[in-house]
Amino acid sequence: LDCDVIDNETGEKIGKITDIQSPGANDVWEVTEDSGKEFLIPFIEDVVKKVDVPNKKVYVELMEGLRDED
């Protein structure tokens, strides 16, 4: 928890992991953006590309529709 979520392609910080849920086969991470907006990402290989535990950073490639951008 409290790891920064980083866009693997741009290096841009997307938000922070604020909760981890285990609804079934895969964990789901709740990500909170700096604006306070929340969205969920599945902890699967297609999305989570790298977990850097010492630096508390997670690099992701978001699939279309995971993050509702206005």
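What follows is calculated from the coordinates using simple rules that are stated; it is not laboratory data. In this text, all values refer to a predicted model and were calculated from it rather than measured experimentally. Note: ideal-geometry Cβ built from the backbone for every residue, glycine included; neighbour counts use all protein chains shown.
Annotation note: trypsin sites (Lys or Arg not before Pro) in the chain located in DSSP loop regions with a Cβ neighbour count of at most 14 within 10 Å are 37, 56. Out of every Cα pair in the chain, what percent are spaced more than 17 Å from each other? Summing the P(r) of the chain above 17 Å gives 35 percent of all pairs.
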